[in-house]
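Q: Mind having a look at this structure? Questions to follow.
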């Protein structure tokens with residue numbers, strides 16, 4: 001009878017030990033970085049622990065004797081970028097949780113392929129993205145005005161939100177360089193709430209794209225990559 005319980009007891013001890021290690025690592029990293037750690041996960045590589053903090057992955061050992069910031073972990077057998085795959089999972093959201101009523105909506109063609117962007121009107125990469133996605137067809141685009149670069153960004157966002165045709169005002173500025181001329185004196189609660197939403201989602205740069213399957217892609221993305229992802233999501237939904 002005793003022997004039958006040994007494996008279970010041993011497994012329980014090991015599990016508790018792992019939890020204790022992760023808890024102590026979490027506490028130690030928070031002390032060193034003075035930031036709240038979201039999660040700690042043991043990796044199968046070199047005894048490293050993955051620490052997710054402030055929207056990025058940091059690697060450390062069980063003693064927290066060193067911190068690898070901005071590192072990319074590559075599986076030497078498959079050459080798979082482990083860090084990128086984990087970031088996709090850790091930063092993914094439920095698309096249905098996005099407050100889409102706060103966004104500028106554009107529908108092209110049948111609108112079946114859906115994605116959302118968080119963009120600052122003074123972001124150069126966002127302007128390039130606007131030109132690139134203008135070529136896409138059969139899409140519904142939700143653009144969240146996310147003015148994080150300057151006071152002027154906030155003023156332009158308010159002006160665009162207050163325009164009679166928000167999508168036209170956005171595209172006129174982002175694609176054609178025609179600055180919004182209207183006043184930003186309407187109810188701009190949506191812009192303020194978008195800033196709050198972006199902070200909750202740890203969006204630290206623009207543009208940031210969210211696809212219908214919840215995957216997040218930060219930064220400038222080639223149009224071919226966007227097209228590929230949209231087709232992939234559409235195929236998964238069939």
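Q: Given segment 9-117, what strands (runs of 3 or more DSSP E) lie entirely inside it while holding 1 or more residues that are at pLDDT 90 or above, farther than 30 Å from residue 136 by Cα and outside the structural domain of residue 223 (by TED's automatic domain parsing)? Lay out the reasoning, then the answer.
A: Values: elements: 37-42, 49-53, 56-60, 67-69, 104-108.
Because the criterion is at least 1 residues that are at pLDDT 90 or above, farther than 30 Å from residue 136 by Cα and outside the structural domain of residue 223 (by TED's automatic domain parsing), the strands (runs of 3 or more DSSP E) in segment 9-117 that meet it are 37-42, 49-53, 56-60, 67-69.
Q: Report, by residue number, each residue of segment 86-130 that is out of contact with any helix residue (DSSP H, G or I) (no Cβ under 8 Å at 6 or more places or on another chain) and farther than 23 Å from residue 202 by Cα.
A: 107, 108, 109, 110, 111
Q: Condition (residue is closer than 30 Å to residue 112 by Cβ, at pLDDT 95 or above, surrounded by fewer than 19 Cβ atoms within 10 Å (Cβ to Cβ) and within 24 Å of the chain's Cα centre (by Cα)) applied to segment 139-161: is it met by at least one residue?
A: Yes.
Q: Also, I was wondering about something else. Only one of (1) over 20 Å from residue 106 (Cβ atoms); (2) at pLDDT 95 or above; (3) surrounded by fewer than 20 Cβ atoms within 10 Å (Cβ to Cβ) is not met by residue 183, so which one is it?
A: Result: residue 183 passes all but (2).
The values are calculated or read from the model by the stated rules, or taken from the named source; none is laboratory data. As the structure is a computational prediction, the values presented were derived from the model and not from experiment. Positions of Cβ are backbone-derived with ideal geometry, glycine not excepted, and every protein chain shown enters the neighbour counts.
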